[in-house]
């Protein structure tokens, strides 16, 4: 994505966001009619449009996509010869640029399916041409912009993050790399622990102050303690890191990321929001992969209210990525069976059973034939039949079951679902991509209570009873719930920006798709 220079974006964002008044004077003497649409433009409206296009960076877009500089030159030509062809040409190209801008605001600049998204992107009830025509009639083009942007509170919050990062872009605090970390005696890698000394502390404190983690006018610290330590922990929490106050490799790398890179990351998140279907119903479950978090929310009087949040474990970044899609949660299976996927059976389960036959009984495995017949006796011939596709392996309900004691089912082509796990210790990890693609949830009882709210008889006691029953039971939900597997590497929580690693490389793919898309070419002067 070819973002405009930051100085250019800073120059125009106030106008683009409506923080400054438009030119409300009387209609200009010159009026130009746009070919094709018949829309009439005058000088005040044209200047409004040019300010909006020049301020496209406030939405993470590139003013260069809308030929702003060429249009500014054409405005001068149109004003010099108001009755000539220059005016009609200017109106036509300005109208086309505005409609393209409104389209990009509403729908994004790339097809989401080109970057491996399988969201059921429902067409928004937004028509750029109609929105522009209505705004021209009102004499307020910013109304069309407000109608185009995603109707989500986080969109405006991310715009502020973008402005703040833009304002810091190029700051001298990031002009030089931080010095190497000390290596404590006996440590396997360099690190700075609380209370320690480091030549980079003053520079680190300056960055933390500029980013809003360190407040007050305290002198540069000579050791990592007090306000500097608490600021570092706040920074770690905002970057998906363990807030232990230790400056290790991961924390140092996060401290080195310049604001310009965070601005680009935020612009990519704004782009993804344009086609992420967040508001699909009054109740919804959203899993954010880079954050390793699940949230369940309700929409109350037009406001999004989070009812539940918990840590999750997602698919491994290498070879087992959890796909991004949306579906409807339709049922819950208590004390579920785990049908071992053929790929896992071939690559892991069968080889393990050949090496360690005792693993069969300890894990509660059984064979299932094509006719549904169950066989609990292990033999090499039956393992061969699994590899040949004549038998499959499944795991009975029980304490060793990979799905834990509850499974949340939203049918999809990848056989992805939410479930509990006996490996609860992994939820404490900083990075939590450990699964084969399915999503393990930290608090399945709370999630079941949210999902089954309003279903008579399904209180917490009964949910726990069914989870412990040991007998597989399916319960269909009265009201299926939308489930969205999403990907956002920038969020705003409690008014503060949080940044997460691009664990699956989706930001990099989106950036590459934006860079590769056809670019509007400047029109030659006539």
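The values are calculated or read from the model by the stated rules, or taken from the named source; none is laboratory data. On a predicted model such as this, the values are computed, not experimentally measured, just so you know. As a convention, Cβ positions derive from the backbone with ideal geometry for all residues, glycine included, and neighbour counts pool all protein chains shown.
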What residue, among those in segment 268-283 that are touching a strand residue (DSSP E or B) at 6+ places or on another chain (Cβ under 7 Å) and outside any loop (DSSP other than H, G, I, E, B), is surrounded by the fewest Cβ atoms within 10 Å (Cβ to Cβ)? 283
State all residues of segment 453-496 that are within 16 Å of residue 405 (Cα to Cα) and in contact with a helix residue (DSSP H, G or I) (Cβ under 7 Å, 6 or more places away or on another chain); if no residue qualifies, say none. 460, 463, 464, 473
Yes/no for residue 437 being within 30 Å of residue 250 (Cα to Cα), at pLDDT below 95 and crowded, with 17+ Cβ neighbours inside 10 Å: yes
Looking only at segment 230-248, which residues are surrounded by fewer than 17 Cβ atoms within 10 Å (Cβ to Cβ) and either closer than 12 Å to residue 430 by Cβ or at pLDDT below 95 (or both)? 237, 242, 243, 244
Within segment 114-124, how many residues turn out to be assigned to a helix (DSSP H, G or I) and either buried (at least 17 other Cβ atoms within 10 Å of the Cβ) or without any contact (Cβ under 8 Å) to a residue 12 or more places away in the chain (or both)? 1
Would you check if there is a residue in segment 495-503 being at pLDDT below 95 and outside any strand (DSSP E or B)? yes
Total residues in segment 471-492, condition within 20 Å of residue 261 (Cα to Cα) and either at pLDDT below 95 or in a loop (DSSP other than H, G, I, E, B) (or both): 3
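Would you check if there is a residue in segment 473-488 being under 20 Å from residue 421 (Cα atoms) and surrounded by fewer than 16 Cβ atoms within 10 Å (Cβ to Cβ)?
Step one: list which residues in segment 473-488 are under 20 Å from residue 421 (Cα atoms), which gives 473-475, 483, 485.
Okay, now just the ones that are also surrounded by fewer than 16 Cβ atoms within 10 Å (Cβ to Cβ), so 473-474.
Yes, segment 473-488 contains at least one residue that is under 20 Å from residue 421 (Cα atoms) and surrounded by fewer than 16 Cβ atoms within 10 Å (Cβ to Cβ).
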Hey, residue 372 surrounded by fewer than 12 Cβ atoms within 10 Å (Cβ to Cβ) and either assigned by TED's automatic domain parsing to the domain that holds residue 320 or under 24 Å from residue 320 (Cβ atoms) (or both) or not: no
Which condition number in (1) at pLDDT 95 or above; (2) out of contact with any helix residue (DSSP H, G or I) (no Cβ under 9 Å at 6 or more places or on another chain) is the one that residue 100 fails? (2)
Among the candidates 357, 380, 336, 351, single out the residue that is touching a residue at least 40 places away in the same chain (Cβ under 8 Å) and either farther than 27 Å from residue 418 by Cβ or surrounded by 13 or more Cβ atoms within 10 Å (Cβ to Cβ) (or both). 336
The one condition residue 389 fails out of (1) at pLDDT 95 or above; (2) surrounded by fewer than 16 Cβ atoms within 10 Å (Cβ to Cβ); (3) in contact with a helix residue (DSSP H, G or I) (Cβ under 8 Å, 6 or more places away or on another chain) is (1)
Tally the residues that are touching a helix residue (DSSP H, G or I) at 6+ places or on another chain (Cβ under 6 Å), farther than 15 Å from residue 159 by Cβ and in a loop (DSSP other than H, G, I, E, B), restricting the search to segment 38-66. 1
When segment 251-264 is examined, which residues are found to be free of Cβ contacts under 8 Å to residues at least 60 places away in the same chain and either crowded, with 18+ Cβ neighbours inside 10 Å or within 16 Å of residue 187 (Cβ to Cβ) (or both)? 251
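Yes/no matrix, rows are residues, columns are (1) more than 23 Å from residue 509 (Cβ to Cβ); (2) modelled with pLDDT of 95 or more; (3) in the same structural domain as residue 306 (by TED's automatic domain parsing); (4) not in a helix (DSSP H, G or I):
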| position | (1), (2), (3), (4) |
| --- | --- |
| 73 | yes, no, no, no |
| 83 | yes, no, no, yes |
| 110 | no, no, no, yes |
| 126 | yes, no, no, yes |
| 140 | yes, no, no, yes |
| 162 | no, yes, no, no |
Listed residues 327, 321; which is under 25 Å from residue 476 (Cα atoms), surrounded by 14 or more Cβ atoms within 10 Å (Cβ to Cβ) and within 30 Å of the chain's Cα centre (by Cα)? 327
Reported set for segment 402-460 where residues are more than 14 Å from residue 294 (Cβ to Cβ), under 25 Å from the mean Cα position of the chain (by Cα) and either in a loop (DSSP other than H, G, I, E, B) or not assigned by TED's automatic domain parsing to the domain that holds residue 309 (or both) is 411, 412, 413, 414, 415, 429, 430, 431, 436, 437
Qualifying positions in segment 224-267 - more than 21 Å from residue 177 (Cβ to Cβ) and in a loop (DSSP other than H, G, I, E, B): 225, 240, 242, 243, 244, 245
Need the failing condition index for residue 341 against (1) without any contact (Cβ under 8 Å) to a residue 24 or more places away in the chain; (2) within 31 Å of the chain's Cα centre (by Cα), just the number. (1)
What's the number of the only condition in (1) surrounded by fewer than 23 Cβ atoms within 10 Å (Cβ to Cβ); (2) modelled with pLDDT under 90; (3) under 20 Å from residue 156 (Cα atoms) that residue 28 fails to meet? (3)
